[in-house]
Amino acid sequence: MPERKNAEPLSSMHLNNLGCRLGLPVSGAFELTARCNFSCKMCYVHLQNDIPGLKARELTAENWLSIAREARDMGLLFLLLTGGEPMLREDFPYIYEELSKMGFVISINSNASLYNDTLSELFRRYPPSRINVTLYGGSEDTYGRLCGNRSFERVLSNLRRMREDGVQVSLNVTLTPYNVNDMERILENANKLGLNTRASAYMYPPVRTGGSVGENTARFTPEEAGQTIARWESLRDDRETFVNRAKAVLEGIQSWEDNSCAEPEGQGVSCRAGRSSFWITWEGKMMPCGTMDAEGASLRELSFKEAWSKVMQQTGCIRLPAECSVCRDRKNCGVCASICKSETGRFDGKPEYMCAMTRAKIRELLRLSGIGGENEA
């Protein structure tokens with residue numbers, strides 16, 4: 001089993017905390033395209049590759065590089081390139097190389113199906129800090145069922161090649177009703193590759209692409225989602241680690257897998273979104289984060305500095321549900337402003353789906369660990 005590591009270096013945490021205090025955009029994401037060669041059933045941003053005129057609506061390479069220069073002058077250091085599938089853009093190598101020459105610490109979100117000789121050579125010359133690859137299953141059938149693209153073996157082969165190229169890879173796992181039976185196979189492959197894994201069983205309602213608030217037809221019920229992520233952790237961790245995590249939950253100590261976006265204090269946003277980090281969509285809209293259905297600011301109309309100022313002001317007006325600040329399960333809940341808005345249509349709306357998911361996860365953690373302490377509703 002690969003050694004579990006902190007997902008973020010302390011230097012990055014320190015600089016982002018400093019950015020929050022000073023109002024500097026230390027971290028950002030460029031969503032280069034909404035196009036993807038996969039068609040995942042639960043995706044909240046993907047638009048089909050063959051939509052007429054879609055490419056024409058994307059920011060050009062020079063648009064992105066101009067934005068990057070302005071952002072760098074304001075303090076941007078950590079940059080995520082994402083999509084859709086960013087490597088689908090024919091000019092991705094050019095964009096990546098020019099951004100690398102600007103000195104950014106670059107990470108990339110990818111499904112790893114398009115890795116090729118050109119990218120291999122490029123990343124050898126300009127290594128990314130990390131490529132975040134989502135593994136969607138443990139077989140060709142599962143990939144076909146969930147993603148509409150039977151690319152499992154190609155993805156595994158490309159992951160091996162990335163490792164051979166010296167690329168740092170972080171493996172993410174999206175758990176849905178379509179791949180839940182593949183958990184053991186996913187972990188087996190991750191262990192063979194020597195890669196750490198992080199999983200999520202929460203799927204956002206696709207409000208950014210016109211979906212309905214609080215609905216995602218490809219996700220679990222909240223109870224199933226909570227039980228699934230607990231079972232994942234029981235399979236991934238050794239027994240001692242898993243039991244200790246369950247004991248931490250019983251004692252009210254934070255144990256959630258990915259709580260980096262939570263707002264544990266007060267009623268305003270206290271994560272990085274709109275405070276030291278931003279997200280720019282493929283059409284040029286700056287938002288606090290990529291999952292947030294927010295007003296944002298258009299970079300087709302405003303300078304980066306003006307857009308960042310507007311987004312910070314909007315973020316400062318966000319208030320979260322009063323119930324969340326006093327909830328006994330708060331430290332083990334992944335709720336955030338974005339989840340509240342996508343689940344209820346309001347930032348201050350209580351996201352009942354996440355509440356039920358959290359309670360179910362805690363109950364299942366305690367049951368699987370055998371330490372008791374049933375969490376009451």
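What GluC sites (Glu not before Pro) in the range 93-199 are in a loop by DSSP, with at most 15 other Cβ atoms within 10 Å of the Cβ?
Taking the range 93-199 and a limit of 15 other Cβ atoms within 10 Å, no loop GluC sites (Glu not before Pro) are found.
Note down the Stokes-Einstein diffusion coefficient of the range 10-50 in µm²/s, whole number, using a Kirkwood radius over alpha carbon pairs, 20 °C, and 1.002 mPa s.
Taking Rh from Cα pairs, D becomes 166 µm²/s.
Only loop residues by DSSP count here, and only those with at most 15 other Cβ atoms within 10 Å; note down the GluC sites (Glu not before Pro) in the range 296-377 that meet that.
Qualifying residues, ordered by number: Glu301, Glu374, Glu376.
Over 20 Å intervals from 0, what percent of Cα-Cα pairs in the chain sits in each interval?
Percent of Cα pairs in each bin: 28, 62, 10.
The range 264-328 to the range 152-204: how many Å between their Cα centroids?
Each part's Cα centre sits 30 Å from the other's.
Take every DSSP beta bridge with both residues inside the chain and express the antiparallel ones as a percent of the total, to the nearest 5.
About 10 percent, rounded to the nearest 5.
Let me know the whole percent of all Cα-Cα pairs from the range 57-99 that are separated by more than 12 Å.
Every Cα pair in the range 57-99 considered, those over 12 Å come to 64 percent.
Counting pairs of Cα atoms in the range 76-128, how many percent are more than 17 Å apart?
Considering the range 76-128, 28 percent of its Cα-Cα pairs are separated by more than 17 Å.
Could you please put His46, His14 in sequence from largest to smallest accessible area, using a 1.4 Å probe?
So, going from the largest accessible area down, we get His14, His46.
When you count, for each residue, the other Cβ atoms within 10 Å and take the mean per peptide, how do 129-135, 89-95 rank with the highest first?
129-135, 89-95
Among the lysines, which have Cα under 23 Å from the Cα of Lys285 when same-chain residues fewer than 8 positions away are ignored?
Lys55, Lys305, Lys310, Lys341
Which value at 222 nm does the chain reach when only helices count, each DSSP H run of 4 or more adding -39,500 (n - 2.57), with the total divided by all residues and rounded to the nearest 500 deg cm²/dmol?
Result for the chain, helices only: -12000 deg cm²/dmol.
What do the square roots of 5 times the Cα gyration tensor eigenvalues come to for the range 132-217, in whole Å, largest first, as semi-axes of the equivalent ellipsoid?
Working through the eigenvalues yields semi-axes of 25, 14, 12 Å.
Lysines within cross-link reach of Lys331: Cα-Cα under 19 Å, excluding same-chain residues under 8 positions apart?
Result set, ordered by chain and number: Lys247, Lys350, Lys361.
Just how large is the dipole of the chain about the Cα centre, in debye to the nearest 20, putting +1 at every Lys and Arg Cβ and -1 at every Asp and Glu Cβ?
Roughly 360 debye, rounded to the nearest 20.
For the range 1-143, what mean projected area does the convex hull of the alpha carbons give, in nm²?
Its average projected convex-hull area is 10.7 nm².
The values are calculated or read from the model by the stated rules, or taken from the named source; none is laboratory data. As the structure is a computational prediction, the values presented were derived from the model and not from experiment. Methodologically, a virtual Cβ is constructed for each residue, glycine included, from the backbone with ideal geometry; neighbour enumeration extends over all protein chains shown. For the accessible areas, the whole protein counts, side chains as well, though only heavy atoms, and no ligand, DNA or RNA atoms are used. Shrake-Rupley method; radii C 1.70, N 1.55, O 1.52, S 1.80 Å.
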